[in-house]
Each structure stands twice: as C-alpha cells, then as structure tokens.
Amino acid sequence: MRDKPTAERGGGYVKSFGCQMNVYDSARIGGLLETAGFDQRDGVEDADIVVLNTCHIREKAAEKVYSELGQLRVLKAERAAQGRKLVVGVAGCVAQAEGDEILKRAPVVDFVLGPQAYHRIDEALARARAGERPFYGEFETSEKFRDLRERPMRIAPRQISAFVTVQEGCDKFCSFCVVPYTRGAEISRAAPDIVAEVERLASDGVREATLIGQNVNAYRWSGDGRTWTLADLFSRLAAVPGIARLRYTTSHPLDMDEALIAAHRDLSAVMPYLHLPVQSGSDAVLRAMNRRHTSDDYRRLIDRIRAARPDTALSSDFIVGFPGETGQDFQDTLRLVRDVGFASSFSFKYSRRPGTPGAERADQIEEQAKKERLAELQALLESQRVAFNAACVGRTLDVLFEKPGRHAGQFVGRTPYLQSVQVDGSASLIGTVRRVRIARPGSNSLFGELVDMDERVAS
Ligand code: 5AD
Ligand code: SF4
C-alpha cells in the first residue's frame, strides 16, 4: 500500500502494555498505520485511531484493558459530538484470549486483532469503516513473518539498538502461563530473513540487536537443508559489519544447550548478561509449575555458563505464591537467589489465569501471604541489584552510547549489563562503544568517565 498524501493524513496512537514482544509489535503496528495514512502520535488527544496492544499475562494487566476502554468510550462520545471520528482497535494477547467478549462488553471497540494478525490491519480498518466489527484471532505466524519480510520494520532515525523478532509462541506449558494459548505453538522465523533484517538495521546505523521471542533459545529453523540453532544464528550475526552487540530474551533453562553456552564463551558480541527465568527455587513448586528442571539443575547450569564466561551477570523472573507453595518452598527460593546472585530481576505474585492448570488447583495461596513473600523477595533482589551496581564502581566497562543525556554535554549509553551510564562528552560518542570508568552509582543509572578520549574500542 502506498502512503497517503500529507493532506489526507490522520494521527495514530498505539498504547503498549506488557513485554518486549509487545513493544516490538506496537512499533510494527505503528509503522503499518503510517503506511495506511496515520502519522504516529504520542497520545490519544490528536489521534484518529487508537490501538491498545494488550497483555494477558497477569490479571491486573488484563483488567487494564477495560479501564482504558472506558476512557476511550468517553473520548469517542466527545468526538462524535464534534462530528469527528475515533477508531478504536484492541490488539495483543487479551485480544487473542477474549476477543469475542471484548466486542460484546465494549461497544467502543471497532476491531480486534490477535498477535498473529497485525499484517491484516489495513483490512481490519477497511471493515471497521464499513461498520463491521471484525475479530482476527487465527494463528498464522508464518504469514506474519512473511509480511515482515515484504514490508520491513521502519526504525527511528539514529536508532542504535533494535529488537529483532526471531521466534514466537511457546510449547513449554508452564502450568501458570497463558502464553502457549495466546501466542500459540513455537515457530521460528527463517534464518536468512533474520540475517537480512540485521544487515539492513546495521547499514542504517544500528549497533546492537536484541533477538526477541517467547522462548528464544528454543530457536530452530531448517528451511535450507541444515538446522539453525540460536548459537548458529549468533555466529552468523556476529559477523555482520557494524553489529557490536547481540542480546536475546527470553529463554528457558531447558533450552540452554552446550553450543549456546559456547557462543557466550567464543563470541565477544554476545553480551555477558543473560535473562534466564527460574520462577522458583523449590523443587516441589518447580514440578507443580511443570518447569521440568530442579533448582540444582538451574544452579549447575549457571555454573557452566559462568565457567564459560566468568563475567556473566544474570537476571530472572520469579513467581511467589504459586498454589501449594509452603513457607519452606519460599525459603528455598530465597536460598536460590542468595546462591546465584542476580544483577536485576522481575518478581510477581502468582495470578490465577483462566484456562491454565494452576488456576484449577484448590490450594491457592492467600493474598496476604503472597504480598508478604513478594515484599521479602523484592527486598533481597533489590539489595542484590544495588550491590551489583556498587561493585561496578571503579571498574572500566564497555559502553555503547545511544543518545544525548538530560543535561547539555551529557551522553547516555549502556554497559554490557544494560545499566544506563551518563558520561560527559560530545555527540560523536553516539553509536560508538567506549571504555568508561564507572565513577558512582545513581538511583537508576551510573555515572562514568571516558577512559580514552580519542580511542574507540570495538566501534
Ligand atoms: N502469575 C504471575 N506471574 C506470571 N508470569 C507468567 N504467568 C504468570 C502468572 N500467572 C511471569 C513469569 C514469566 C513472566 C513473563 O511473567 O515469571 O517469566
Ligand atoms: Fe510461559 Fe513457561 Fe512458555 Fe515462558 S516458558 S512463555 S513461562 S509457558
């Protein structure tokens, strides 16, 4: 579809909830809306079309959709009184899981698009304009990937770091999780398409690619006579001129194979920072969660990764209050956290999700106990985060500079561990990797000084 002439153009706003996959998808939807004639806006006020890209992972996130829709209902009525239209779309995992109910409960909604159907947004818009209220909820991920090849992602000018989708869906069926139901079965994108996308991004100035998917280390593609794993992809992508850093998120411990661990050891572009969710430190809870590994399996895996790449730092996701979790189980989680040491983590109270096996269990945990356990776990994780940042003070780390800082003459970059660092310098820093001595920690970022004013390292 060709872009509409400027005079007819409207405004589009995509509001994103949830994970990085949704952030990526929201950028995708925004780009497709631009092609359809809607320039991207930062809020609903001057938008003619609003798309909520929703998250279903926990009840709170899913409930947000309905409160957002309530506000949009008021706005749409105000607009109608002025003779102006507002088109409202719901996308993402709530759309997939509850599309029919959304259309029933919320007359403000004009169309619903599940996560595998964003490439059909033009069609959805046309049908919505004709007075229909379509719901696209089929799983056709391969079509989504094909569309991505035919109409590549647009990136912002001077973007240094970009997400690249390599895989979608999950086959693991952890007993608390809706993802296998909302995003469907694991499907990997063709390796040549991923390589081509990273090459294109690199030629546009991108220096860091984060490969994203629900279970990225399960990546497997055999369309060209050989089987590509994530480790194979990394070897190939590390050779793309301009690419200095590779990251990936999110992963399952069971899919952390020898070749991938070797890639951490052998490829300097693969950052020594790994998000590897463990969820719990109790074997009984891990079993009930259908994680298919023990807490010692996780400890041994971390030992192997650290043996391969000693400077590796870790982050994880944790759930407290899974049905049946005892006080002792929770203590086992705290012990695992102390044993491993995490640079940063996400932790949640278990949320009962309809359709998942965990939701059916009779031994649900009281809200108060969940609250107390979460507070205790978060205090421990926060102390580890602060200690990790403090331990970086005095060290010299490679920093990839991304953008100007808040104050004149300040520039912001990221360490291998995704810590943001503020440094005094000039705009020529942007897009380069420099050695930076970390001088002091702030609350959300570190402050540092360039070690060599002129010399570029690995840029
Ligand atoms: N309740 C709480 N947290 C959950 N997560 C997934 N499902 C649930 C749930 N039902 C968390 C897990 C996962 C992260 C993305 O969200 O920790 O790794
Ligand atoms: Fe959900 Fe488990 Fe799959 Fe992660 S691995 S998306 S937690 S089912």
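The values are calculated or read from the model by the stated rules, or taken from the named source; none is laboratory data. All of these numbers come straight from a predicted model, not from anything done at the bench. Heads up, the Cβs are rebuilt from the backbone with ideal geometry, glycines too, and the neighbour counts pull from every protein chain shown. Accessible surface areas use protein heavy atoms only, side chains included; no ligands, DNA or RNA. Shrake-Rupley method; radii C 1.70, N 1.55, O 1.52, S 1.80 Å.
Observations, loosely collected:
- Applying 1/(1 + (r/R0)^6) with r as the Cβ-Cβ distance of ALA259 and SER142 and R0 = 22 angstrom yields a FRET efficiency of 0.30.
- Reducing the stretch 209-226 and the stretch 117-174 to their Cα centroids gives an inter-centroid distance of 18 Å.
- Sequence-ordered 3J(HN,Hα) estimates for the stretch 86-101 from the Karplus curve with 6.51, -1.76 and 1.60 and θ = phi - 60° stand at 9, 9, 10, x, 10, 10, x, 6, 5, 4, 5, 7, 10, x, 5, 5 Hz, glycine and proline given as x.
- Added length on full extension, which subtracts the Cα-Cα distance from 0.36 nm per residue, SER203 to ASP46: 53.2 nm
- By the helix-only formula, in which each DSSP H run with n ≥ 4 contributes -39500 (n - 2.57) and the sum is divided by residues, the chain has a 222 nm mean residue ellipticity of -11500 deg cm²/dmol.
- Length gained on full extension, ASN444 to LEU75, computed as 0.36 nm times the residue gap minus the Cα-Cα distance: 129.3 nm.
- Centre separation in Å (Cα based) which lies between the stretch 295-357 and the stretch 384-428: 27
- DSSP beta bridges fully contained in the chain are about 35 percent antiparallel.
- Using the 1.4 Å probe convention, the accessible area of the chain works out to 43 Å² per residue with neighbouring protein chains retained.
- Hypothetical label at GLU59: residues of the stretch 362-376 whose amide nitrogen lies under 16 Å (7 Å Cα-Cβ projection): 362-372
- Theoretical FRET efficiency, 1/(1+(r/R0)^6), r = Cβ-Cβ of SER67 and ASP339, R0 25 Å, to 0.05: 0.05
- Scalar couplings 3J(HN,Hα) for the stretch 235-242, obtained by applying the Karplus form with A = 6.51, B = -1.76, C = 1.60 to θ = phi - 60°, are 4, 5, 6, 5, 8, 6, x, x Hz; x denotes Gly and Pro.
- Taking label points 7 Å from Cα along the Cα-to-Cβ direction, ARG154 and VAL23 give a separation of 2.1 nm.
- Note on ALA130 and ASP452: their simple-model spin labels are 6.3 nm apart, each label 7 Å out from Cα toward Cβ.
- Within the stretch 30-108, GluC sites (Glu not before Pro) in DSSP loop having at most 16 other beta-carbon neighbours inside 10 Å: GLU45
- Here the extension length gained between ALA391 and THR227 equals 55.0 nm, from 0.36 nm per residue of separation less the Cα-Cα distance.
- The stretch 361-428: GluC sites (Glu not before Pro) falling in loop per DSSP and having at most 10 other Cβ within 10 Å: GLU366
- Calculated FRET efficiency for the pair GLN328/ARG292, C-beta based, R₀ 30 Å, to 0.05: 0.90
- Taking only Cα atoms of the stretch 396-450, radius of gyration then Dmax in Å: 9.5, 27
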